[in-house]
Amino acid sequence: MADFHDTPSGHELRRAAEQLLAGGLVAFPTETVYGLGGDAENPEAIARIYAAKGRPANHPVIVHLAPQSSVDYWARSVPPQARALIEAFWPGPLTLILPRASRIPDAVSGGQDSIGLRCPSHSVAQALLQEFSRRKPGGQGGVAAPSANKFGQVSPTRAEHVRAEFPELFPERLMVLEGGQSEVGIESTILDLSRIEQGIGPVLLRPGHVSAAQLAEVLGAEIASPDAAAPRVSGSLKAHYAPRTPLLLLPRQRLLDEAERGAGQGERIAAVVFDTQDLPAWPGVDWLAASSSPDVYASALYALLRDLDGGGYARILVEQPPADAAWLAVNDRIGRAAAAFL
């Protein structure tokens, strides 16, 4: 078995940058999840990303930028609100949707006039992006990188997840950079600022680690909910982030009833609950304790779903998290995962 290290060497980073320059694919860690990256200015590289994932061509990807990259190169216009949020949250798990500069291929935006941009904080992601930018003519290298998984499936938070997801590509056509467990564990917050000039926005298109309250505090303005005319963005489909094992999201009492029924029918059930004290020892039911901290829960979520997916269970039952704002991003991901089985 190959020897994989926690962090890539300088040689590996240079080789990864060369692979990107040649139009190839490189999976790399970010603080949110691992991304499947290609040169954001190379339509052929972007097409390889879509083909590898089985991703619909009209579903946008996010462009990852090095800290020194100019947002003005990628966006046709950058409103003051965007610059304020960049100052506050970049590098970090916040994606901004802005009007796309005409020089940038529309393939990254699924044919739309907008573009999603973010600067990740993970040290390996930054090192790769900086090395790629140094080698890219003009020094503005951006890497288009959706999550490194098949479309609609559970996002990867460890390099081993990526290798398992793309055995047909690794290692000949896909280089995977190690970076340990993704700390945040769920995808970035996405905020639409592409329609500010039309008097629309800011609009929260995907909740994440950076909350609507934090965004509102910086902007001094209320953050609106998605509207029918909002740009399409990553992870916005009703059913997404789903394991292959059927997943049910249930209030606690309904979960207990469903677990008991499954046990009575001889099913193997994984039940993720917040309080595991005094639970029945039903045959075939494995109780798993969920963290009461939304950040800790989010960090462990995708790795847990992947582990359970390989556990031979008939179903995964998940107790509905609290409905308050702190759990918005977790509820979004779990709700979309469960929607795949409705």
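The values are calculated or read from the model by the stated rules, or taken from the named source; none is laboratory data. Not measured: the values here are computed from a predicted model. Cβ placement follows ideal geometry from the backbone for every residue including glycine, while neighbour counts extend to all protein chains displayed.
From the list ALA47, ALA22, ALA16, pick out the single residue that is buried (at least 16 other Cβ atoms within 10 Å of the Cβ), outside the structural domain of TYR302 (by TED's automatic domain parsing) and modelled with pLDDT of 95 or more. Result of the check over ALA47, ALA22, ALA16: ALA16. Within the range 291-299, not a single residue is in a loop (DSSP other than H, G, I, E, B), surrounded by fewer than 20 Cβ atoms within 10 Å (Cβ to Cβ) and either of a type outside the set (S, T, N, Q) or at pLDDT below 95 (or both).
Any residue at all in the range 194-204 that is modelled with pLDDT of 95 or more, surrounded by 20 or more Cβ atoms within 10 Å (Cβ to Cβ), in contact with a Pro (Cβ under 6 Å, 6 or more places away or on another chain) and part of a loop (DSSP other than H, G, I, E, B)? Yes, the range 194-204 contains at least one residue that is modelled with pLDDT of 95 or more, surrounded by 20 or more Cβ atoms within 10 Å (Cβ to Cβ), in contact with a Pro (Cβ under 6 Å, 6 or more places away or on another chain) and part of a loop (DSSP other than H, G, I, E, B). The requirement of being in a strand (DSSP E or B), touching a helix residue (DSSP H, G or I) at 6+ places or on another chain (Cβ under 9 Å), touching a residue at least 40 places away in the same chain (Cβ under 8 Å) and farther than 23 Å from ILE186 by Cβ is fulfilled somewhere in the range 254-275, by at least one residue. Considering the range 1-106, the qualifying strands (runs of 3 or more DSSP E), each wholly inside and each with 3 or more residues that are among the hydrophobic types (A, V, I, L, M, F, W, C), run over 25-28, 62-65, 94-99. For the residues THR189, THR157, the requirement of being closer than 29 Å to LEU128 by Cα, touching a residue at least 12 places away in the same chain (Cβ under 8 Å) and touching a Phe, Trp or Tyr at 6+ places or on another chain (Cβ under 7 Å) singles out THR157. Looking for whichever is of a type in the set (Gly, Ala, Ser), closer than 18 Å to LEU98 by Cα and either in the same structural domain as ALA323 (by TED's automatic domain parsing) or at pLDDT 95 or above (or both) here; the options are ALA224, ALA281, ALA271. Which one fits? Among ALA224, ALA281, ALA271, only ALA224 is of a type in the set (Gly, Ala, Ser), closer than 18 Å to LEU98 by Cα and either in the same structural domain as ALA323 (by TED's automatic domain parsing) or at pLDDT 95 or above (or both).
Filter the range 261-278 for residues that are surrounded by fewer than 14 Cβ atoms within 10 Å (Cβ to Cβ) and more than 30 Å from the chain's Cα centre (by Cα) and give the result. Correct list: ARG261, GLY264, GLN265, GLY266, GLN277, ASP278.
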